[in-house]
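The next block holds one structure in the form of structure tokens; read it before the comments.
All of the numbers you see were taken from the coordinates with simple rules; none came from a lab. Note that the structure is predicted; figures quoted are calculated from it, not measured. Quick reminder, even Gly has a Cβ in these numbers, built from the backbone with ideal geometry, and neighbours come from all protein chains shown.
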Amino acid sequence: MRKLLSQRLAVFAFACVALIMPSLGHADCVDPPAPGVDWTRCYFDERSFVGVDLSGAHLKDATFSRGNLEGANFSETYASRAKFIHAKLGKVRFDSARLREADFTNADLQGASFKGADLRRARLFRADLRGADFTNARMRGADLLESDLTGALWIDGKRRCGEGSLGQCR
């Protein structure tokens, strides 16, 4: 009787763990690109994800350096501390994305949309931001040193940055 009770408890414990584990949401870096994918702390340097839909994805601490992500949709992603160093991100949508402390150093972000994005303390050092849209973006502490903001639509959604706007919208 005691052995039967022990076996039942073991089966119950195993079932509880099996039910809980999928809900923990661990990243699987081999999952294909898709809306809502969890690529937390995944490494995708020098990879091509042209035009993919990663809306709502979890990309915290992921790295896409020197990758080609042109035309991709990163709307509503959680990508704090993600790295996009030297990446091609032309016409990418980061609308309502959480990009706190993300690193876009030397990234090509021509025509990118950051509408309503959280870019606080993001690093946009030497980024090409010509024609980007920052309407309602939160940018407190963002590093725009030597970034090209020519033609960018500023956070008020009305003002366009003039020719030669380097590091700040003029």
Karplus ³J(HN,Hα) for segment 41-47 (6.51 cos²θ - 1.76 cosθ + 1.60, θ = phi - 60°; Hz, whole; x = Gly/Pro) runs 6, 8, 10, 10, 4, 6, 9
The ³J(HN,Hα) series, computed from each phi in segment 89-100 with the Karplus coefficients 6.51, -1.76 and 1.60 at θ = phi - 60°, rounded to the nearest Hz and given as x for glycine or proline, is 10, x, 6, 7, 9, 10, 4, 6, 7, 9, 10, 4
Ranked by how many other beta carbons lie within 10 Å on average, peptides 49-58, 157-166 from highest: 49-58, 157-166
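Going by how many other Cβ atoms sit within 10 Å of their own, how do V92, V37 line up, fewest first?
Numbers: V92 29, V37 22.
Listed from fewest to most nearby Cβ atoms, that is V37, V92.
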Could you give the alpha-carbon Rg of segment 96-170 over 2.2 N^0.38 Å, rounded to two decimals? 0.93
Relative exposure of R170, R121, R100, judged by other C-beta atoms within 10 Å (fewest first): R170, R121, R100
Stokes-Einstein D for segment 20-170, Kirkwood Rh over Cα pairs, 20 °C, 1.002 mPa s (µm²/s): 144 µm²/s
